[in-house]
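Below you'll find the structure, written out as structure tokens, and then a few comments.
Each reported figure results from applying straightforward, stated rules to the coordinates on display, with no laboratory input. This structure is a prediction, so every number in the text was calculated from the model and none was measured. Glycine gets a Cβ as well: all are built from the backbone with ideal geometry, and neighbour counts include every protein chain shown.
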Amino acid sequence: MERKISFNDVTKAIEEAFEQFKSDKEGTVDPRVQGDYKPDTFGISVTLADGRTFDKGDTTAQVPLGSVAKLPLSLVLLSQNLGDELFNKSCCCGCRKDNKPKIDMPFGKHGLRTVSAIIPQGDPDGKFKVITDMVYALTASERGFSDSLYNYYTDTIKANNIAESMTNAGIRLYDDVAQSLDVYARVLSLKLSVSQMSVMGATVSADGRNPVNGEYAFDGKYAAPAIALMASRGKHFIKRWIVKTGLPAKKSFTGAMLAILPGFGAIAAYSPETDERGVPVKASKAIAYIAEKLGLNVFASDRICVSK
């Protein structure tokens, strides 16, 4: 079943969301990204699968991706592996057994394991290039890099002897532990603007076809599993979010947030203030408002069509 809405409906919902939440004072800025934001920054960008876009607020300044970077990571891993092989590499982590010591990490072990599984092996710069090439293909534009966030990660890894601790604990990755830690720190420190993030999401929504340049960033058959991973990862946050909004999404302590509806497009938003779970306060509220206002829900029976 198809349900039609107008592009004016889309722009109106974005305008309303921005006005309603722009003055929200909830949340605090994570100290890890103090050097990457301006006070009261707030931006929303929607890019449709056909390339139409609408931006509101601060949508051009690049911000660290943090966990949002797991989307291009999963697409690289999907492109290099068959389905069952992928889940063996990324889902069944096996990073810690009951008889192994707990190691405090500056980031999640699943993402680290994903990075370690990406080809090439033993070539950290080559691995990083494969990942950033995917980011470029998804956005059709140049990314930035947060030196301050990267320095935080590398200083933490070094100060806590994490590479040595993981090796001594028998925690196995697919590639060299120290190199994998460094590459993952670099990936999480990549920067995109809100507008770039929405293009990235729209490319996935359009089965790999970048709506900006019309080129394919990846084989379209990997779009559905990538979006499914978005809808199933994220501990406590994603369950509550997916029930509330019906939109697969990734959020980050950096303030970045991206939601995707297959065939429709993507909504990206940024607000540096996050709650105690690391959820961007204004960004998440705005995306939820737009989803409800437009009836965007991946589990609904109707398919949304945006008229010209």
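See the values below:
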read-out: Whole-Å distance, taken between Cα centres, linking the stretch 258-289 and the stretch 204-236; value: 17
read-out: Cβ-based net charge around Ala137, under 13 Å, with every Lys or Arg adding one and every Asp or Glu removing one; value: -1
read-out: Relative contact order for the chain, counting Cα pairs under 8 Å that sit 6 or more residues apart, in percent; value: 31
read-out: Distant-in-sequence amide H partners of Arg143 (H built 1.01 Å from N, under 5 Å); value: none
read-out: Radius 10 Å from Cβ of Ser180, net charge of other residues (Lys, Arg +1; Asp, Glu -1); value: -1
read-out: The stretch 1-15-the stretch 108-130 distance, computed between alpha-carbon centres (Å); value: 40
read-out: 14 Å beta-carbon shell around Gly126, net charge (K/R +1, D/E -1); value: -3
read-out: Whichever lysines have a C-alpha closer than 17 Å to that of Lys12, once near sequence neighbours (fewer than 8 apart) are set aside; value: Lys4, Lys22, Lys56, Lys285, Lys293, Lys308
read-out: Of the DSSP H helices in the chain, those whose Cα atoms cover at least 18 Å axially and whose Kyte score averages -0.5 or more; value: 7-21, 124-139, 281-294
read-out: Cα Rg, Dmax, the chain, angstrom units; value: 18.7, 60
read-out: Amide proton proximity set for Arg303, modelled H, under 5 Å, gap of 5+; value: Glu2, Arg3
read-out: Between the stretch 144-161 and the stretch 163-200, the alpha-carbon center distance in angstrom; value: 11
